[in-house]
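To start, the structure itself, in structure tokens.
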Amino acid sequence: MAATTLRRPGVAPVGRPPRRRFRLRLQGVVGFAVLIVVGELVGRSGIVPPSYLPPSSVVLVRAGELLLDGEFLGHAAATLLAWVAGLALAMLLAVPVGILVGTSELAYRASSALVEFLRPIPSVALIPIAMLMLGTGTEMKVVLTVYAAFWPIFFNTISGVHDVDPTAKDTAVSFNYSRWGVLTRVTLPSAAPHIYTGVRIASAVVLVVAISAELLAGGDAGIGTLIFQASITGAGADTVYAATVLTGLLGLGINSALVYVERRMLFWKNSERKA
């Protein structure tokens, strides 16, 4: 008699997730293809003037031209610079502060009022203040992106610290680990998946805020600056849509890269989930 593998109802076997990921990706590709076809039909039908909605084929051709255009690549590099600087600085600030607030009742109580005051303020609403204080250059974008990225990383760090198994910490203490040893050997490894989730969320937020700041504040360089400059000319609709499409692909590529890194760096957590 062949061996029967028992599993809980509703729980997929370990070998299924890769197939599910493939199906989800295939569905995404099909949905994107349908959107392109609809855009092409609407653009060619004349229902919407081409100056407002050019056909998808025109937009895709223009997107390919932008990828070979040194000016666009310079704008993209400026946006990515603000993205990298903002996300990195937010991590350097949010993770230590989140660990402190998450492990210290005194720090939590002392910071709760300030956190509740600052958290609801949208990052985009601070653009005029940032422009007034810092101008329209890279410094303004970095400050805004740091503020926007701080909160997802901060709160996920606190959640990760609170989710640490108390038994694991007590066991480390019983083996004469110092507070630093408990932090580095138990707390941080356990909280790492939560922290990394915060980083992934923040990465998307940072890209949106950086481009929004470029759109609203102008400046010398950035994808948002290019979109703004193209939008004020009647003949720049294809450039606006093409740059928007490339921005979406950039965000998709960043998220895919972060997911890949997560699977390699946090492999033990994926094994626990499969189990």
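The values are calculated or read from the model by the stated rules, or taken from the named source; none is laboratory data. All figures in this text were calculated on a predicted structure; none of them were measured in a lab. Here Cβ is always computed from backbone atoms with ideal geometry, including for glycine, and neighbour counts include all displayed protein chains. Side chains are part of the model used for accessible areas, which takes the heavy atoms of the whole protein and leaves out ligands, DNA and RNA. Shrake-Rupley method; radii C 1.70, N 1.55, O 1.52, S 1.80 Å.
Worth pointing out:
- Flag for ARG16 being at pLDDT below 70 and surrounded by 10 or more Cβ atoms within 10 Å (Cβ to Cβ): yes
- Test: residue in segment 154-171 that is surrounded by 11 or more Cβ atoms within 10 Å (Cβ to Cβ) and closer than 17 Å to LEU216 by Cα: no
- Looking only at segment 25-47, residues that are at pLDDT below 75 and in contact with a helix residue (DSSP H, G or I) (Cβ under 6 Å, 6 or more places away or on another chain) come to 2 in all.
- Against the numbered list (1) farther than 26 Å from GLY248 by Cα; (2) touching a helix residue (DSSP H, G or I) at 6+ places or on another chain (Cβ under 8 Å), GLY224 comes up short only at (1).
- Pairs with Cβ under 9 Å, 6+ apart, first in segment 171-200 and modelled with pLDDT of 75 or more, second of a type in the set (Phe, Trp, Tyr) and part of a helix (DSSP H, G or I): PRO189/TRP268; GLY198/TRP151; GLY198/PHE154; GLY198/PHE155
- Being aliphatic (A, V, I, L, M) and either under 17 Å from the mean Cα position of the chain (by Cα) or outside any helix (DSSP H, G or I) (or both) holds for only one residue in ALA230, ALA192, ALA172, ALA168, and it is ALA192.
- Hits in segment 112-142 (condition: without any contact (Cβ under 8 Å) to a residue 40 or more places away in the chain and within 22 Å of ILE201 (Cβ to Cβ)): SER112, LEU114, VAL115, GLU116, PHE117, LEU118, ARG119, PRO120, ILE121, PRO122, ALA125, LEU126
For every residue, the table says whether it meets (1) in a helix (DSSP H, G or I); (2) modelled with pLDDT of 85 or more; (3) β-branched (Val, Ile, Thr).
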| site | (1), (2), (3) |
| --- | --- |
| THR79 | yes, yes, yes |
| ALA85 | yes, yes, no |
| LEU92 | yes, yes, no |
| VAL95 | yes, yes, yes |
| ARG109 | yes, no, no |
| ALA113 | yes, no, no |
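- Output for segment 175-201, where each listed residue is open to solvent by less than 80 Å² (accessible area, probe 1.4 Å) and polar (S, T, N, Q): SER178, THR184, THR187, SER190, THR197
- Scoring VAL124 on the criteria (1) farther than 21 Å from ALA221 by Cα; (2) β-branched (Val, Ile, Thr); (3) touching a Ser or Thr at 6+ places or on another chain (Cβ under 7 Å) leaves a single failure, condition (1).
- Exclusive hit being in contact (Cβ under 8 Å) with a residue 60 or more places away in the chain, over 24 Å from LEU81 (Cα atoms), open to solvent by less than 80 Å² (accessible area, probe 1.4 Å) and touching a Ser or Thr at 6+ places or on another chain (Cβ under 6 Å), set GLY98, GLY102: GLY98
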